[in-house]
Amino acid sequence: MSTPAATAAIHYRVEAADLHAHLYRVTLTIAQPAAPQRLSLPVWIPGSYLVREFSRNLQRLAARQDGKPVALRQLDKCNWQAEGVASSPLEVSYEVYAFDNSVRTAWLDTERGFFNGTSLCLRVHGQEKNPHALEIVSPVPAWEAATGLPALKVNKRGFGSYLAADYDELVDCPVEMGRLWSGEFKAGGVPHRFVVAGASASFDGERLLADAQKACEAGIRLWHERKKPPFKSYLFLLNAVADNYGGLEHRNSTALICSRSDLPRRGEVRASEGYTTLLGLISHEYFHTWNVKRLRPAEFTRYDYGAENYTQLLWFFEGFTSYYDDLLLRRCGLIDDATYLRLLTKTANQVLQAPGREVQSVAQASFDAWVKYYRQDENTPNATISYYTKGALVALCFDLTLRREGNTTLDAVMRALRARCKAGPMTEADFAAVLKELGGRSFAREIAAWVHGTRELPLKDLFAAHGVNVNEDPAQLQQRLGLRTAEAGGSVVVKNVLRGGAAEQAGLAAGDEWLGVEVAGQGWRLAKLDDLLLYAGEHRKLTALIARDRRLLRLELTLPAAATTWRLSIGDAARVQAWLAHGA
Ligand SMILES: [Zn+2]
């Protein structure tokens, strides 16, 4: 008897080929192939804007039909053509090397398995709209599996067959396997499940569930007020490791990675800084369920899996999501006003300390994400601006302007945008139209200046209008000198030299080892950057001793007058609360 999964037009069987070699074996059966049949592996995964060439990990590709080998012609780095006939099923088998412990690709060892369909599932050209069945075979008897895909026939541990409506859904539902901690809660009347891999005995799962539930409820309330969210269930896949951080959004799930020490611990009363960061990540990825997975750039109406998908709108989809992630934590009471302002202070200083904000607009930064944001180097702070951090401040500027003028809030704009675009493709013109409609005037000037311009945002005015004080504190020495360093084992290495700063003027460069200084005729070895002030005293003129390419250089450096950074604080508590505590 054949199961429904076996009769699906496209069927993938995923099993471990070798845990120690980190190899999956995939068997793809195409019931009614084309002749010839084209197959390809995506070059990128939606949500992470970099061409990653997943085919680099694919090997031993072979095809068979009626028990006989079928010739496979490789067309380019990620496209193949099976030279078979159309009259009988085509079976394609291959291995995928999986040893990247991130949320974007795939992993397999004796402790854990994880994969995205973009890494493991060849696309069958011409049949993308057909149902795709995924059969997952348990690599280790005690393991469990979890995925957002609809189950077709699975056992208690989650292994068996799942069925995606089409290729897009298949690759939008990552799979986690291993010895998993698992817990559930309801938000907006909908079941939510949290699975955690890699947690230690101190992990307080009940606390994570309770706090995540609050954050999810706040997100649902923002988008739907009292109505239900647009999914039947939601799944958080969290991988706890020694030291990492990140997340990737999907339509009814998210894959997260965090440091083990950031998990809430039993007996801990106050949320640690790391745990607050993790809650922000949870809130962020969950918000994407609406903002980029449903409401999305018009350019993402249909993904092109074979090339870069350009959009100017990441400032909206990543930036506005970044504005709301911590704000929703405040609204549901997981953090207080002072903590919120501390997190916002960090974002503001990150933007204010990046000279690239005068070079690139957030719309340009969005478009260039593929070659700039995702390919950072020593020049990144000088040439680019983050569409996450500045995008969050642009969202804040719109929200505070709308609130000051008294007609509406950004919450109402987000809901109206979702309604106008039918929770689907959106353009900048849609955003402009909704702002005009709800705000009672055109915001073309603000969009031109904040989104497409490089001048400073009117943060100080807007903070003042909402009861927030902007305090100017003395900056760290790095900021004062205009550089960033890495310090370890008594050695100071220059990471970035910031445009227009004292370090650039003196001639320091990224990669330089800063060995020492000469001040008033005395020479000193530098073990850490802050020692500079110990040796310089009141002197502003000094000589930096630098090693570059094994050569020793003496560079004349003038220590600039003290620089400042921002610290936001509560000026008028009632006005701050009116902004932070109330959506509308
Ligand atoms: Zn994001």
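When ligands, DNA and RNA are left out and all protein chains stay put, how many square angstrom of accessible area per residue does the chain have with a 1.4 Å probe?
Values: 24860 Å² over 584 residues.
For the chain, the solvent-accessible area averages 43 Å² per residue.
Could you give me D for the stretch 29-90, from Stokes-Einstein at 25 °C and 0.890 mPa s, where the hydrodynamic radius is the Kirkwood radius over C-alpha pairs? Units µm² s⁻¹, please.
192 µm²/s
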**Message:** What percentages make up the Cα-Cα pair-distance distribution of the stretch 58-115 when the bins are 10 Å wide from 0?
**Reply:** 20, 37, 26, 16, 0
**Fill in**
Taking protein heavy atoms only, a 1.4 Å probe, and rounding to whole percent, the accessible area of the stretch 201-241 owed to carbon and sulfur comes out at 48 percent
**Asked** What's the long-distance tail for the stretch 428-532, i.e. % of Cα pairs beyond 22 Å?
**Response** 57 percent
**Prompt:** What percent of all Cα-Cα pairs in the stretch 146-196 falls in each 10 Å bin, counting up from 0?
**Reply:** 22, 49, 29
**Message:** Distance between the C-alpha centers of the stretch 209-224 and the stretch 431-487? Whole Å please.
**Reply:** 28 Å
**Average Cα contact separation per residue, the chain, under 8 Å, 6 or more apart, as relative contact order %** = 10 percent
**Prompt:** If only Cα atoms are counted, what is the Rg of the stretch 200-283, and what is its Dmax, in Å?
**Reply:** 13.5, 40
**Message:** When only alpha-carbon atoms are used, what values of Rg and Dmax, in angstrom, describe the stretch 81-196?
**Reply:** 15.7, 51
**Request:** Please get the size of the charge dipole for the chain, origin at its Cα centre, with Cβ charges of +1 on Lys and Arg and -1 on Asp and Glu, quoted in debye to the nearest 20.
**Result:** 840 debye
**Asked** Roughly how many Å is it from the Cα centre of the stretch 239-292 to that of the stretch 79-119, as a whole number?
**Response** 27 Å
**Asked** If you place +1 on the Cβ of every Lys and Arg, -1 on the Cβ of every Asp and Glu, and leave all else neutral, what size is the dipole of the stretch 218-273 about its Cα centre, to the nearest 20 Debye?
**Response** 440 debye
**Item:** Descending principal axes extents, the stretch 281-351, alpha-carbon based, whole Å
**Value:** 45, 26, 16
**Item:** Signed unit charges on C-beta, dipole axis of the stretch 486-584, positive-most listed residue Ala574, Gly500, Leu532
**Value:** Gly500
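First compute the accessible area of the stretch 527-584 with a 1.4 Å probe, then give the percent of it belonging to carbon and sulfur atoms.
Carbon and sulfur atoms account for 53 percent of the accessible area of the stretch 527-584.
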**Request:** Among the lysines, select those whose C-alpha is under 19 Å from the C-alpha of Lys422, and discard any that sit fewer than 8 residues away in the same chain.
**Result:** Lys227, Lys228, Lys232, Lys293, Lys436
**Complete:** Whole-percent carbon and sulfur contribution to the accessible surface of the stretch 368-456 (1.4 Å, no ligands, DNA or RNA) stands at 49 percent
**Message:** Largest first, please: the extent of the C-alpha atoms of the chain along each principal axis, to the nearest Å.
**Reply:** 87, 62, 50
**Message:** With equal scatterers on the alpha carbons only and no solvent term, can you work out the Debye log10 of I(q)/I(0) for the stretch 206-251 at 0.15, 0.21 1/Å?
**Reply:** -0.52, -0.93
**Request:** Any chance you could tell me what percent of the C-alpha pair distances in the stretch 245-370 go past 25 Å?
**Result:** 34 percent
**Message:** What value in Å³ per residue do you get for the convex hull of the alpha-carbon atoms in the stretch 1-160?
**Reply:** 125 Å³
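The values are calculated or read from the model by the stated rules, or taken from the named source; none is laboratory data. Treat the numbers as computed from the prediction; the structure is a model and nothing was measured. Virtual Cβ from ideal backbone geometry, glycine too; neighbours counted across all protein chains shown. Side chains are part of the model used for accessible areas, which takes the heavy atoms of the whole protein and leaves out ligands, DNA and RNA. Shrake-Rupley method; radii C 1.70, N 1.55, O 1.52, S 1.80 Å.
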